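One structure below.
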Amino acid sequence: MIDRAAIAAARRQLATQPDFLRTTPLMRVSGRSLGVDCGEVWLKLEHLQVGGSFKARGMLYRLLANPVPDSGVIIASGGNAGIALAAAAQALGVRCEVFVPEVSPEAKRARLRSLGAEVVVTGAAYSQAFEACVARQKTTGALQAHAYDQPEVVAGAGTLAAEMEEQGGRLPDTVLVSVGGGGLIGGVAAWVESRAHVVALEPERAPTLHAARAAGQPVDVEVGGIAADSLGARRIGAIGWEVSQRHVHDALLLPDDAIRAAQLWLWKELKLAVEPAAALGLAALQTGVYRPQPQETVALILCGANFDPAGLA
């Protein structure tokens, strides 16, 4: 079970590597400055984390908490988890092999190679890349990291919520969290528990949590759309599902055009260059998919920035 104690333990172990992870900024603005009728909006700028996403926290913790064999570490990833693992592996001086699906952007593949990772491109979707990765791990004996469904990975993600609470002096009233495989919302909701409202946000074309709730259990879904490279898991992870059952009441869906509009707004108005997955929170506010109360404080987690910035033109 992932809970606040597990996340506090992750923070302590991550603190033994102070030169790797960054304390990412918490930007606090009025709701009206974003065109939203609420008291204050917090933007946790986790896209400024090492490797360009929140994933660095969980990947480093996975390596620190387990012995790493000479064959190194291996992962299947849409891009962000692989980049985070490659960066952590490089910092610790261990080998890294990353399996990515064909949908992964070339910008993410290039970044992986620049971090010294061996990149294997295979499969039309993340699930196929994952199958190939598992087969390879059985041959090499490398330590396998999972993009979102391992205790260390989820607890590591939860440290950003603990950090945000520390920076803000309290929790916000509501935290809006993008969902793919469930690692981020699992970590955030486990830290927040019932002390604030946690809202899950998914693209309409990648509704893993929404579909699981309709079915009463995790199920496979077809994935696609603007955020498929980072929110492209076909099934919600077991840990994210379990935590969300306890602590997440709302799972809301957003269309691609709203996500794209929010991504462009963040760049044009705030000069924050983030990938589509990081824009779901603002999209939910701007479209009214989530409607805050007039005095409500809402936190958005800008979870990643691994994309081709030419797309912001």
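The values are calculated or read from the model by the stated rules, or taken from the named source; none is laboratory data. Computed from a predicted model, the values in this text were never measured in an experiment. Note that we place each Cβ from the backbone using ideal geometry, even for glycine, and neighbour counts take in every protein chain shown. Note: areas computed on protein heavy atoms with side chains; ligands, DNA, RNA excluded. Shrake-Rupley method; radii C 1.70, N 1.55, O 1.52, S 1.80 Å.
What the table shows:
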{"quantity": "Estimated vicinal HN-Hα couplings, Hz - segment 237-242 in sequence order (Karplus 6.51, -1.76, 1.60; Gly, Pro = x)", "calculated": "x, 4, 6, x, 5, 5"}
{"quantity": "Surface per residue (accessible, 1.4 Å probe) for the chain, Å²", "calculated": "38"}
{"quantity": "Tail beyond 24 Å, pair distance distribution of the chain (Cα, percent)", "calculated": "47"}
{"quantity": "Ranked packing of 36-46, 267-277, 144-154, most packed first, by mean Cβ within 10 Å", "calculated": "144-154, 36-46, 267-277"}
{"quantity": "Accessible-area ranking of M1, M27, largest first, probe 1.4 Å", "calculated": "M1, M27"}
{"quantity": "Proximal lysines relative to K271, as straight alpha-carbon distance under 27 Å, when same-chain residues fewer than 8 apart are discounted", "calculated": "K44, K55, K108"}
{"quantity": "Within segment 192-224: backbone nitrogen closer than 15 Å to the L270 label point (7 Å, Cα to C-beta)", "calculated": "none"}
{"quantity": "Residue-by-residue Karplus 3J(HN,Hα) for segment 44-56, coefficients 6.51, -1.76, 1.60, Hz, glycine and proline x", "calculated": "7, 7, 6, 5, 8, 5, 3, x, x, 6, 4, 4, 4"}
{"quantity": "Signed unit charges on C-beta, dipole axis of segment 30-96, positive-most listed residue C38, P67, A84", "calculated": "P67"}
{"quantity": "Anisotropy class of segment 191-313 from Cα gyration tensor, a/c 1.5 cut", "calculated": "oblate"}
{"quantity": "Segment 157-313, dipole about Cα centre (Lys/Arg Cβ +1, Asp/Glu Cβ -1), debye to the nearest 20", "calculated": "120"}
{"quantity": "Loop trypsin sites (Lys or Arg not before Pro), segment 192-246, which have at most 16 other Cβ atoms in a 10 Å radius of their Cβ (DSSP)", "calculated": "R195"}
{"quantity": "Rounded to whole Hz, the Karplus (6.51, -1.76, 1.60) HN-Hα couplings of segment 244-252, x for glycine and proline", "calculated": "5, 5, 8, 10, 10, 8, 10, 10, 10"}
{"quantity": "T24 accessible area, 1.4 Å probe, all protein chains in place, Å² to nearest 10", "calculated": "0"}
{"quantity": "Cα-based radius of gyration of segment 14-58 once divided by 2.2 N^0.38 Å, which approximates compact folds", "calculated": "1.49"}
